[in-house]
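Peer 1: Once you've had a glance at the structure underneath, I'll fire off some questions.
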């Protein structure tokens with residue numbers, strides 16, 4: 001809850017997701033860990049360490065593993081390094 005006693009938009013979103021039957025929320029918001037108390041939640045949070053698709057797509061195995069292993073009320077961050085150059089991404093072709 002916020003200082004005014006109202007429910008935050010993120011908390012409301014998580015509640016709606018739980019009510020709709022979602023088991024996992026995938027996000028790139030690393031601050032959510034400090035903003036939400038997952039103790040009584042039915043939903044798990046999986047947080048990606050990078051929000052750039054051209055990088056994330058090379059780590060889908062890590063994302064899938066985290067989602068598959070998520071449990072009620074859990075929080076996990078998927079380590080996806082911040083890449084500066086395409087040449088440092090596994091399997092990526094350098095841009096010409």
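The values are calculated or read from the model by the stated rules, or taken from the named source; none is laboratory data. Keep in mind that what you see is a predicted model, and the values were worked out from it rather than measured. Every residue, glycine as well, gets a Cβ built from its backbone with ideal geometry; the counts of neighbours run over all protein chains shown.
Peer 1: For residue 55, indicate whether it is modelled with pLDDT of 90 or more, surrounded by 12 or more Cβ atoms within 10 Å (Cβ to Cβ) and closer than 30 Å to residue 7 by Cα. Can you show your working first?
Peer 2: On the way: modelled with pLDDT of 90 or more: yes; surrounded by 12 or more Cβ atoms within 10 Å (Cβ to Cβ): yes; closer than 30 Å to residue 7 by Cα: no.
Considered against the rule, which asks whether it is modelled with pLDDT of 90 or more, surrounded by 12 or more Cβ atoms within 10 Å (Cβ to Cβ) and closer than 30 Å to residue 7 by Cα, residue 55 comes out as no.
Peer 1: Let me ask something additional. If a residue has to be surrounded by 13 or more Cβ atoms within 10 Å (Cβ to Cβ) and either in contact with a helix residue (DSSP H, G or I) (Cβ under 7 Å, 6 or more places away or on another chain) or on the phi > 0 side of the Ramachandran plot (or both) to count, how many in region 27-52 make the cut?
Peer 2: Within region 27-52, residues that are surrounded by 13 or more Cβ atoms within 10 Å (Cβ to Cβ) and either in contact with a helix residue (DSSP H, G or I) (Cβ under 7 Å, 6 or more places away or on another chain) or on the phi > 0 side of the Ramachandran plot (or both) number 10.
Peer 1: Among the residues of region 1-53, count how many are in a loop (DSSP other than H, G, I, E, B), free of Cβ contacts under 8 Å to residues at least 24 places away in the same chain and under 9 Å from the mean Cα position of the chain (by Cα).
Peer 2: Residues in region 1-53 being in a loop (DSSP other than H, G, I, E, B), free of Cβ contacts under 8 Å to residues at least 24 places away in the same chain and under 9 Å from the mean Cα position of the chain (by Cα): 2 in total.
Peer 1: Let me spell it out: the conditions are (1) in contact with a strand residue (DSSP E or B) (Cβ under 9 Å, 6 or more places away or on another chain); (2) at pLDDT 95 or above, and residue 19 meets all of them except one. Which number is the exception?
Peer 2: Exception for residue 19: condition (1).
Peer 1: I need a count of the residues in region 62-77 that are loosely packed, with under 15 Cβ neighbours inside 10 Å and closer than 15 Å to residue 42 by Cβ.
Peer 2: The first filter runs over region 62-77 and keeps only residues loosely packed, with under 15 Cβ neighbours inside 10 Å, leaving 64-65, 68-69, 71-73, 75, 77.
This time we only want the ones that are closer than 15 Å to residue 42 by Cβ, so: 71-73, 75.
Within region 62-77, residues that are loosely packed, with under 15 Cβ neighbours inside 10 Å and closer than 15 Å to residue 42 by Cβ number 4.
Peer 1: Here's a follow-up. I'd like to verify a number: residues in region 63-96 that are over 27 Å from residue 15 (Cα atoms) and at pLDDT 80 or above, how many? So that I can check it myself, show each step before the final result.
Peer 2: Step one: of region 63-96, the residues over 27 Å from residue 15 (Cα atoms) are 80-96.
Now narrow it down to the ones that are at pLDDT 80 or above: 80-82.
So the answer is 3.
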